[in-house]
Structures are given as C-alpha cells and as structure tokens.
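Derivation of every value follows stated rules applied to the coordinates shown; laboratory data play no part. Predicted, not measured: the structure shown is a model, and the values here were computed from it. Cβ sites come from the backbone with ideal geometry, for glycine too, and all protein chains shown count toward neighbours.
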Amino acid sequence: MARKKHFQHGSLSKRGKRNRVWVARYREPVVGTSGEATRVRRSEILGSVAELPTKRDAQLVLSNLLRRINSANYNPRSCCLFRDFVQEWKTQALPALKYATQKHYEYLIDIHLLPTFGNVQLRLISRESIQALLANRLKDLSWRTVKHIRTTLGTILGTAEVWGYIEDNPVRKTRLPRRGLRPEKQVLSPEQLRLLLENLPEPSKSLVWLLVLTGLRIGELLALRWQDVDLQAGVLRVRRTLYEGHFDEPKTKHSNRVVPFGPKVLSILRAHTPEAHEDDALIFMSSHGTPLCRRNLKNRQLTPVCKSLGIVDINWHALRHASATLLDSVGTPLGTVQAILGHSSSEITRGTYLHSLPAGAREAVQKVEALLTGPKRTQIEEMQNLGTTLIQ
C-alpha cells in the first residue's frame with residue numbers, strides 16, 4: 001500500500017535581536033540519492049517582523065509555501081547531485097545527438113558546468129545561480145560561447161525535468177544580454193584567393209580549390225568517397241561528414257545534396273584518381289589510408305602560408321563563406337546558392353554567408369552616382385528626339 005501522505009502546518013519562530021525575522025520549519029518529502037523516499041527538515045526565513053508584524057501574517061506566508069508540498073499532486077524531488085545526473089544523462093541521452101554535438105557538450109560540461117554545479121543538488125540549482133554563472137562567463141568569453149553554455153545546461157536540466165528529478169527547468173527563466181555589434185567577417189578577395197592557391201602545398205591546395213568552387217563544408221569534403229563522385233556527369237553527392245576521425249550523417253537533411261562542378265574541379269579529381277581504387281575509398285586520405293585531420297592541415301599548411309603572405313588567418317569555414325560570396329557576386333540567384341550550400345533556410349544564406357566584395361561595392365556606388373549625377377531622363381529623351389529629327 002502507498003504510504004499515507006502527511007499534511008503539515010509547519011512551525012514558526014522569531015530569530016534575531018535587532019533585525020528580528022520569522023523562521024519557518026517544515027519537513028519536505030524527497031527522493032534520496034539511492035532512490036529511497038525520505039523526509040528532510042527544512043528551515044527558511046519568511047521575512048522580517050517589520051514586514052510581517054503578526055504571527056497570522058507569517059502563517060499566511062507559510063501556508064502558501066506549504067501548499068505545493070501538501071498538494072495531492074506533489075511528487076517528491078530528488079536529492080541527486082548535478083554531477084551524478086550528468087553521468088546518467090551521458091549514458092542515456094547524449095548518444096542520441098550527433099557526434100560533433102556530443103563532443104561540444106562534453107567540453108562545455110567539463111570546463112564550465114561541473115566546476116560550478118558539480119556538487120550541487122539538482123533541485124537547488126536556481127535561476128539566480130545560473131544567471132550569475134552566465135554573467136561571470138560573459139566577462140571573459142564571447143556572447144556566442146556563453147549562449148552555448150546556457151543551451152547545454154538547459155538541455156541537461158530539461159531532461160531532468162522530463163525524468164521527474166526537478167519540477168521545472170530554471171534555465172528557461174534566465175536571459176542573456178543583447179548581443180553587441182559583431183566585427184565584420186574578413187572575406188578573401190579573388191586576388192587573395194589566387195595568391196593563396198599559388199603558394200599552398202598539397203593536399204591543402206586541392207582542398208581550398210574544392211571548398212571555394214563547390215561550397216562544401218570541410219567535414220563533407222574530407223568524407224567524400226569515389227562512389228560519391230560522377231566524373232562523367234560532373235556532380236558529387238554529399239552523404240556523410242567527418243569530425244575528428246568519426247563519420248556521421250550530414251548536418252541537416254538539406255545538407256544531403258547533389259552539387260555540380262566544373263572543369264577545374266574535374267581536373268583536380270582526376271589528378272587524385274589512383275590507377276586502382278575501391279568505390280568506398282576516400283578521395284583525400286593520408287599515406288596510411290586514414291582520413292585527413294583538418295586541424296593538422298590548418299596548423300601545418302594553411303595558417304603558415306597565410307602568415308607568410310600577410311593574409312588574415314582564416315579557417316576552413318571561411319572558404320565556404322568565400323564560395324557563397326563569389327556565387328553572389330556573379331549574380332547567382334539566392335535559391336541556387338542556398339541549394340549549393342545545403343542550407344535549410346535562405347535567411348541563413350543571406351544573413352550569414354553573403355558578404356559584399358569591395359570591387360562589387362565600388363561598382364554599385366558608381367552606378368548609383370551615375371544615376372544621380374548623369375543626364376536627366378527628360379534630357380535623354382530630348383537628345384533621342386533630336387537625333388531622330390536629324391536623321392530624318
């Protein structure tokens with residue numbers, strides 16, 4: 001039989017000499033760390049005697065406090081530590097996420113969340129403590145990184161809420177300050193790209209060519225196999241991605257796509273085609289047949305060459321931005337750019353990946369200037385009429 005529920009009124013007492021306060025004491029049903037049901041004695045300050053002059057006033061506050069515990073629908077909260085719950089969450093919930101997301105969450109948990117909340121009970125993690133963590137991290141970290149910390153903690157505590165460890169998720173009650181103006185992304189001009197390609201060694205040279213001309217993500221490019229490429233039709237299919245030696249599905253369903261390529265990409269792929277190869281062999285791989293490491297290639301080839309040429313240090317993803325900008329500069333429709341890049345929304349393509357090139361900007365303002373400072377439309381019509389009369 002279920003244990004009979006205890007209805008309680010709690011007890012009140014005054015504490016202090018100068019600043020006297022009302023103190024309430026009651027017992028709260030909880031679930032112990034090993035899963036057993038128990039009752040824990042609680043003590044909580046309700047307010048000062050100046051705010052609550054009579055015992056009846058304090059009793060009303062206490063009754064509101066105990067209403068939740070005395071409710072027939074009340075479920076005892078767990079005393080589980082955040083550290084212990086994270087271990088359970090990693091075993092049951094984390095594997096459902098993509099591999100790259102798993103590694104990112106694990107990093108944020110180990111570096112930021114466990115040092116702060118590791119030894120705190122889940123039920124005691126409050127909105128105030130989370131807001132204090134976010135404010136403290138904003139002093140040293142970027143707004144985007146702090147947002148990721150908040151998202152990770154919200155995901156964990158959201159699972160705790162679903163599993164019945166806590167009543168609600170306090171992360172939903174927190175707010176981040178407005179994001180300040182972000183510095184403009186540095187986009188390589190065509191001249192800088194040509195200079196970079198002339199000086200890069202292999203295999204980074206071929207990788208940069210393909211990233212710029214196809215708009216693929218670096219993980220998608222390193223995961224390409226010969227079975228994904230049709231040299232006769234001039235298309236390649238994105239079926240998987242690579243992250244730290246682990247193959248996974250593409251980022252989104254729209255990332256699973258077919259991308260056309262031109263003669264330059266065709267010549268590069270043919271140059272990398274071995275005399276004999278299996279269809280499931282990687283196009284770009286090490287001498288041992290293992291996938292290439294994007295981090296090693298950047299540190300050993302891309303960054304040193306950029307530094308020697310006086311070009312701003314870029315990462316592999318910046319070349320995807322360069323590809324999108326070049327497509328836009330030659331008048332490619334937005335929907336086509338979106339399809340090539342594999343974006344789920346045109347807003348991502350327009351707002352994040354398209355950057356105005358200096359040459360294109362100069363041409364645009366010159367056209368506007370000519371429109372405003374050139375001959376008026378009526379003058380043009382008069383000159384045309386005069387020319388017609390002279391011909392007659």
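The figures follow:
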item	result
Ranked by how many other beta carbons lie within 10 Å on average, peptides 244-256, 294-306 from highest	294-306, 244-256
In order through the stretch 191-203: 3J(HN,Hα) via Karplus (6.51 cos²θ - 1.76 cosθ + 1.60), integer Hz, x for Gly, Pro	5, 5, 5, 4, 4, 5, 5, 5, 10, 6, x, 6, x
Leu138/Asp168 FRET efficiency (R0 22 Å; Cβ-Cβ; nearest 0.05)	0.35
Lys264-Ser13 pseudo-label distance in nm [points 7 Å out on the Cα-to-Cβ vector]	8.2 nm
Total formal charge among the other residues, if their Cβ is under 13 angstrom from that of Phe284, Lys/Arg +1 and Asp/Glu -1	0
Dipole axis of the stretch 136-260 (+1 Lys, Arg; -1 Asp, Glu on Cβ), positive-most option in Gly219, Leu188, Val238	Leu188
Dipole magnitude (debye, nearest 20) for the stretch 84-232, charges at Cβ of Lys, Arg, Asp, Glu	660 debye
Rounded to the nearest 20 debye, dipole of the stretch 275-315 from Cβ charges on Lys, Arg, Asp, Glu	500 debye
Dimensionless Rg/Rh of the stretch 82-144 - Kirkwood Rh, Rg from C-alpha atoms	0.99
Amide proton proximity set for Arg27, modelled H, under 5 Å, gap of 5+	Arg42
Nitroxide proxy distance, nm - points 7 Å out along Cα→Cβ at Asn315 and Leu97	1.7 nm
Amide proton proximity set for Gly47, modelled H, under 5 Å, gap of 5+	Trp22
Peptides 232-239, 274-281, 319-326, 155-162 ordered by average Cβ neighbours within 10 Å, highest first	319-326, 155-162, 232-239, 274-281
Note, ³J(HN,Hα) from phi for the stretch 53-66, Karplus 6.51, -1.76, 1.60, rounded to Hz, x at Gly and Pro	x, 10, 5, 5, 4, 5, 5, 5, 5, 5, 4, 5, 5, 8
Karplus-derived HN-Hα couplings along the stretch 251-261 (A = 6.51, B = -1.76, C = 1.60, θ = phi - 60°), whole Hz, x at Gly and Pro	4, 9, 5, 6, 6, 7, 8, 10, 10, x, 9
Environment charge of Val259, counting only residues whose C-beta is closer than 13 Å and scoring Lys/Arg +1, Asp/Glu -1	+2
